[in-house]
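Written below as structure tokens is the structure these notes are about.
The values are calculated or read from the model by the stated rules, or taken from the named source; none is laboratory data. Predicted model, so just to flag it, every value in this text is computed and none were measured. Note that we place each Cβ from the backbone using ideal geometry, even for glycine, and neighbour counts take in every protein chain shown.
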Amino acid sequence: MLSFRATLAFVLSAALAAVPSFGARVHHGPTAGHSTRGVHKSAPKSQTHKTHGQQSIDPERVTEIQQALIREHYLSGEASGHWDSTTEAAMQKYQADQGWQTKLMPDSRALKKLGLGPDYSTAINARTSSFADPIPAGAPPPEQSAGFAAAAGVNH
């Protein structure tokens with residue numbers, strides 16, 4: 001029995017000693033197309049950082065925004081078409097009064113509320129489509145409402 005245990009211990013020890021050698025990775029030198037560790041090709045300085053997104057507001061759009069801010073009494077004077085600190089402060093005040101963010105470019109909600117939302121007049125179906133707000137859920141269809149009004153003798 002003692003020799004069986006000794007043989008078992010020897011076999012297990014040999015197996016444990018052999019396992020790390022099977023799992024070891026062999027490192028080969030760099031191959032074509034690969035650089036060695038620590039050596040990097042640097043990009044030209046002009047290509048290291050690309051700015052994304054809109055960087056400035058078109059002067060025509062600035063004029064529209066300024067005119068809307070003047071109409072809403074957040075800006076005084078005449079629209080210049082330049083996004084200056086006065087215009088930016090007026091827009092930030094307008095957005096803050098609405099409870100919206102104030103640290104970035106004009107918020108789309110603010111532009112819509114100023115009447116400067118998207119223009120769908122050139123859309124494919126602009127002539128045949130209505131851009132009215134959808135009917136609230138649970139409201140009767142317009143035909144049914146018109147029938148009720150006619151039955152009640154109410155003119156719209």
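Could you tell me which numbered condition Leu111 fails, if it satisfies all but one of (1) free of Cβ contacts under 8 Å to residues at least 40 places away in the same chain; (2) outside any loop (DSSP other than H, G, I, E, B); (3) buried (at least 17 other Cβ atoms within 10 Å of the Cβ)?
(1)
Of the residues that make up the stretch 79-86, is at least one of a type outside the set (Val, Ile, Thr) and not in a loop (DSSP other than H, G, I, E, B)?
Within the stretch 79-86, one or more residues are of a type outside the set (Val, Ile, Thr) and not in a loop (DSSP other than H, G, I, E, B).
Please verify whether the stretch 38-45 includes one or more residues that are over 24 Å from Leu116 (Cα atoms), loosely packed, with under 10 Cβ neighbours inside 10 Å and modelled with pLDDT of 70 or more.
no
Please count how many residues of the stretch 87-103 are closer than 14 Å to Ile65 by Cβ and in a loop (DSSP other than H, G, I, E, B).
Number satisfying all stated conditions: 0.
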